[in-house]
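*Asks:* One structure, pasted below without further comment.
What follows is calculated from the coordinates using simple rules that are stated; it is not laboratory data. Every value quoted in this text rests on a predicted model; they were computed, and no experiment measured them. Neighbour counts are summed over all protein chains in view; Cβ atoms, including those assigned to glycine, are modelled from backbone coordinates with ideal geometry.
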Amino acid sequence: MAIAFESLYSDIASRNGRLVAGKKIIRTPALLPVINPHLQLVSPKEMQQMGVEALITNAYIFSQSSEYRDQVLKKGLHSVLDFDGVIMTDSGSFQLSVYGDVTITNIETLTFQRDIGSDIWVPLDIPTSPMADHTTAAQELAITMERLREAKEVFGADAPIAGPVQGGIYTDLREQAGREVGNLNFSFCPIGAVVPLMESYRYKDLVQVVLAAKRTIPSSACVHLFGAGHPSMFALAAAMGCDLFDSAAYALYAKEGRYLTTHGSFKIDELIELPCACVVCRTHTAEEIRTAKDRIRLLALHNLAVTLAEIARIRQAIIDGTLWELVDERCRNHPQLLAGYRELLNHTETLESHDRVSKRRFFYRGNESCARTEILRYQRSLTRLRLGTDVLVACDGGVREGYDDVLLFKPPFGPYPQELSETFPIGQSEIPDWDEAMVRQGCRGIQALVTGHPESRIAVAGLRDWRGIIREVCGDTIEVID
Ligand code: GUN
Ligand code: ZN
């Protein structure tokens, strides 16, 4: 019955893993398309054929529907939706945040979710508005936590119940919430109330809030980013350690005539070409979609295909260890995503502890790459190098006599002994011509070497035009020769 999560590969803080809900297993990161029973643009069966392993629907809609309520209680959710994968049900919380009122209690919605055979149940948490002040956010969080406690008490420790993490925009409350859901032994933790942040492109705030929650949610728990919709932000969210996304965007955008791509969305009315490999785009022209009777459905099918392909790309990137490159690429598609990415890079310290040791490659993509986890880790490891008294860092690779140890230099990492030239990251990194940011970062590596070896005298040779930078970074603690 209980929900379990297992991570197989990690990259940055992301996890390529498996979520087990009852007898069903899905791969993560995963997309759970949102199904509205009243408006199915793409049927769950078709979704399954497209590779969807789990979906999410709203129990509140079923419970309030004269058409569905009795049917779903009698036949069960899987039969009514004709889907035998994982079905997660949301409570009325989203309606609560949008309309301010729901006529159901926490226990009533959970009982209903159980009775219709849902695989993952969500209590009636309170999605706190980003406008709420700290006192209000704390009060609402206390109510949410009380309901989570009540859920565990009434339905038992093993019931497949999600523990939403709330707290508004306050990082201290998000940390508190993460800690408390962990203490209550929730193994499935959606991060809630982030939809308004994403809708207004507040990706920097989103990163702060998600990372605050991630700092305290147990690493063994599966983390779901509630309402994460646009595929251009999945890589960023995965890098923070979000394992699941639920998306209504494929349908909502379709209804507005919008065509999703991983680097933004377009109005179908303005497109001449269809830059996509999905079956809809390869069998229709833009004009044909525009004028089709089932235009909304065609757009929804395309939007879903694009979204699922991005999830597959992220999973592969995690296996290869190339997620930083994907995040960098995606986050250059909107200035506010770039702001979110830069905020993520302010948390390298936290991310480094989750990141893995060896990866397929490191491609330098400009100064943002200098703040990557691999560099922090590499430069920390320099302290452990065993060095003699007189050490030379030969930045040009030239031979000079009279030193106990001669190291080479590769920015943005820094100094390295010949023996490491084939190992990650030195051996698997590709850099263009040196630029100031990478040399400066490499010089910080030299500084780390100096700090870690007070017994050694360290000189630097062959920096040529970049000599000014080593002086700026290391001051007079180091000898600089030609
Ligand atoms: N859907 C989007 N955000 C939320 C949230 O914070 N809680 C719940 N239950 N559903 C959501
Ligand atoms: Zn397409």
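*Asks:* Quick one: order Thr89, Thr348 by neighbouring beta-carbon count within 10 Å, fewest to most. Mind dumping the intermediate values first?
*Replies:* On the way: Thr89 26, Thr348 17.
Lowest to highest Cβ neighbour count: Thr348, Thr89.
*Asks:* Okay, next question. Counting just the Cα atoms, what span does region 1-138 cover along each of its three principal axes? Round to the nearest Å and put the largest first.
*Replies:* Computed over the Cα atoms, the extents are 41, 40, 30 Å.
*Asks:* Name the long-range amide H neighbours of Ala248: under 5 Å, sequence gap of 5 or more, or other chain; modelled H, no Pro or chain starts.
*Replies:* Amide H neighbours of Ala248: Val34.
*Asks:* Turning to a different aspect of this structure: Bin width 5 Å, alpha-carbon pairs only: give the P(r) of region 350-482 as whole percents, running from 0 to the bin holding the largest distance.
*Replies:* For region 350-482, the pair-distance distribution reads 2, 10, 22, 25, 21, 12, 6, 1, 0.
*Asks:* Please sort 236-243, 422-429, 213-220 by packing, taking for each peptide the average over its residues of neighbouring beta carbons within 10 angstrom, highest first. Intermediate results must be reported in sequence, preceding the final value.
*Replies:* Numbers: 236-243: 27.1, 422-429: 16.0, 213-220: 19.2.
The most tightly packed comes first, giving 236-243, 213-220, 422-429.
*Asks:* Within 15 Å, Cβ to Cβ, of Val154, how many net charges do the neighbouring residues add up to if Lys/Arg are +1 and Asp/Glu are -1?
*Replies:* Taking every other residue near Val154 into account, the sum is -2.
*Asks:* Identify, among Ile478, Met131, Ile458, the residue whose Cα sits farthest towards the positive end of the charge dipole of the chain, taking +1 on the Cβ of Lys and Arg and -1 on the Cβ of Asp and Glu, with the dipole about the Cα centre.
*Replies:* Final value for the positive-end residue is Met131.
*Asks:* For a quick check: sort Met131, Met438, Met88 by the number of other beta carbons within 10 angstrom, fewest at the front.
*Replies:* Working: Met131 10, Met438 23, Met88 26.
Fewest-to-most Cβ neighbours within 10 Å comes out as Met131, Met438, Met88.
*Asks:* Continuing with this model, one more query. Taking 30 Å as R0, compute the FRET efficiency from the Cβ-Cβ separation of Ala142 and Asp115 and round it to 0.05. Write out the running numbers ahead of the final one.
*Replies:* Values: r = 28 Å, r/R0 = 0.95.
E(calc), rounded to 0.05, equals 0.60.
*Asks:* Hey, another quick one. If the rule is a partner Cβ under 4.7 Å, which cysteines in the chain fail it?
*Replies:* Cys189, Cys222, Cys242, Cys278, Cys331, Cys370, Cys395, Cys443, Cys474
*Asks:* Next question, about the same structure. Any idea which of Ala157, Gly167, Thr261 is furthest toward the positive side of the dipole for the chain, if Lys and Arg beta-carbons carry +1 and Asp and Glu beta-carbons -1?
*Replies:* Value: Ala157.
*Asks:* On to the next question. Cα convex hull of region 1-72: how many Å³ per residue?
*Replies:* Details: hull volume 9.3 nm³, N = 72.
So the per-residue Cα hull volume is 130 Å³.
*Asks:* Hey, could you grab the Kirkwood Rh for region 360-417? Inverse mean 1/r over distinct alpha carbon pairs, Å, one decimal. Present the calculation step by step, with values, prior to reporting the outcome.
*Replies:* Working: mean 1/r = 0.0783 Å⁻¹.
One decimal place: 12.8 Å for the Kirkwood radius.
*Asks:* Residue-wise, which Karplus ³J(HN,Hα) couplings in Hz belong to region 370-387, taking 6.51 cos²θ - 1.76 cosθ + 1.60, θ = phi - 60°, and x for glycine or proline?
*Replies:* 5, 9, 5, 4, 5, 6, 4, 5, 4, 5, 5, 5, 4, 4, 8, 5, 8, 10
*Asks:* Roughly what would the spin-label model give for Gln49 and Glu270, points 7 Å off Cα along C-beta, in nm?
*Replies:* With each label placed 7 Å out from Cα toward Cβ, I get 3.3 nm.
*Asks:* Right, something else. Over all Cα pairs of region 57-119, how is the pair count split among 5 Å bins, expressed in % and running from 0 up to the last occupied bin?
*Replies:* Histogramming region 57-119 at 5 Å steps yields 4, 20, 31, 25, 14, 6, 1 percent.
*Asks:* Just want the answer: with Cβ charges of +1 for Lys and Arg and -1 for Asp and Glu, which residue in Gly388, Leu407, Trp324 is farthest toward the dipole's positive end in region 282-428?
*Replies:* After comparing all options, I get Trp324.
*Asks:* Region 438-482: which GluC sites (Glu not before Pro) are DSSP loop and have at most 16 other beta-carbon atoms within 10 angstrom?
*Replies:* Working: sites: Glu455, Glu472, Glu479; in loops: Glu455.
Here the GluC sites (Glu not before Pro) that fit, given the DSSP loop and packing criteria, are Glu455.
*Asks:* If one takes the longest principal axis of the Cα atoms in the chain, at what angle in degrees, from 0 to 90 and to the nearest 10, does the Cα axis of helix 203-216 lie?
*Replies:* For 203-216 against the chain, the angle is about 90 degrees.
*Asks:* Which value, in Å to one decimal place, does the Kirkwood hydrodynamic radius take for the chain when every pair of different Cα atoms is included? Mind dumping the intermediate values first?
*Replies:* On the way: mean 1/r = 0.0410 Å⁻¹.
For the chain, inverting the mean 1/r across all distinct Cα pairs yields 24.4 Å.
*Asks:* So for the pair Asp465, Glu422, with labels modelled 7 Å out along Cα→Cβ, what separation do we get in nm?
*Replies:* 3.4 nm
*Asks:* Would you please report the Å³ per residue occupied by the convex hull of the alpha carbon atoms in region 155-275? Kindly include the intermediate steps, with their values, before the conclusion.
*Replies:* Working: hull volume 13.6 nm³, N = 121.
Roughly 112 Å³ of hull volume per residue.
*Asks:* Going through the cross-link list Lys204/Lys410; Lys214/Lys359; Lys74/Lys255; Lys75/Lys255; Lys214/Lys255; Lys24/Lys152, which pairs have a Cα-Cα distance over 25 Å in this structure?
*Replies:* Values: Lys204/Lys410 31 Å; Lys214/Lys359 23 Å; Lys74/Lys255 32 Å; Lys75/Lys255 30 Å; Lys214/Lys255 34 Å; Lys24/Lys152 22 Å.
In this structure, Lys204/Lys410; Lys74/Lys255; Lys75/Lys255; Lys214/Lys255 exceed 25 Å between Cα atoms.
*Asks:* Helix 134-155 against the longest principal axis of the chain: what's the angle in degrees, Cα atoms only, rounded to the nearest 10?
*Replies:* 60 degrees
*Asks:* Here is a further query. Based on C-alpha coordinates, I'd like the Rg and Dmax of region 103-227, in Å.
*Replies:* 13.8, 40
*Asks:* Explain nothing, just the number: dipole magnitude of region 226-380 about its Cα centre with +1 on each Lys and Arg Cβ and -1 on each Asp and Glu Cβ, in debye rounded to the nearest 20. Write down the numbers at each step before the final one.
*Replies:* On the way: 21 positive and 20 negative charges, 47 e Å.
In debye, rounded to 20, region 226-380 gives about 220.
*Asks:* Please report the spacing between the Cα centers of region 4-36 and region 263-322 in Å, no decimals.
*Replies:* Here the two parts' Cα centres lie 23 Å apart.
*Asks:* Moving on. By how many nm would the segment from Arg365 to Ser129 lengthen if fully extended, with 0.36 nm per residue of separation less the alpha-carbon distance?
*Replies:* Details: separation 236, 0.36 × 236 = 84.96 nm, distance 3.65 nm.
Full-extension gain reported as 81.3 nm.
*Asks:* Moving on to the next point. Reported to two decimal places, what Rg/Rh ratio describes region 210-313 when computed on Cα atoms with Rh from the Kirkwood expression? Mind showing how you got there, number by number?
*Replies:* Working: Rg = 15.7 Å, Rh = 14.6 Å.
That ratio equals 1.07.
*Asks:* Note down the magnitude of the dipole of the chain about its Cα centre, charges +1 on Lys and Arg C-beta and -1 on Asp and Glu C-beta and zero elsewhere, to the nearest 20 debye. Write down the numbers at each step before the final one.
*Replies:* Details: 50 positive and 62 negative charges, 145 e Å.
Roughly 700 debye for the chain.
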